[in-house]
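Okay, structure first, notes after.
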Amino acid sequence: MNKQDIIIGNQKDIMNNINDIKKKHDNHDKELELLTYNNAET
């Protein structure tokens, strides 16, 4: 494996991590919306 392959691999890993974080963030936003909506109804 040469340096360029390693760098490309690292960049892919970083992008995957960012995408995972974005998905978790979106899920948290949806959960917060639901909680806020439920609290507003009571």
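Nothing in this text is a laboratory measurement; each read-out follows from the coordinates by a stated rule. Because the structure is a prediction, the values reported are computed rather than measured. Note that we place each Cβ from the backbone using ideal geometry, even for glycine, and neighbour counts take in every protein chain shown.
Here are the numbers:
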read-out: FRET efficiency estimate (nearest 0.05) - Cβ-Cβ, Ala40 to Ile18, R0 30 angstrom; value: 0.40
read-out: Ratio of Rg to Rh over the chain (Cα coordinates, Kirkwood Rh, two decimals); value: 1.44
read-out: Net charge contributed by nearby residues that have their C-beta within less than 12 Å of Leu35 (K/R +1, D/E -1); value: -3
read-out: Cα long-axis angle, helix 3-41 against the chain (0 to 90 degrees, to the nearest 10); value: 0
read-out: Selected from Ile21, Gln4, Asn39, residue furthest toward positive end of dipole (the chain; charges at beta carbon); value: Gln4
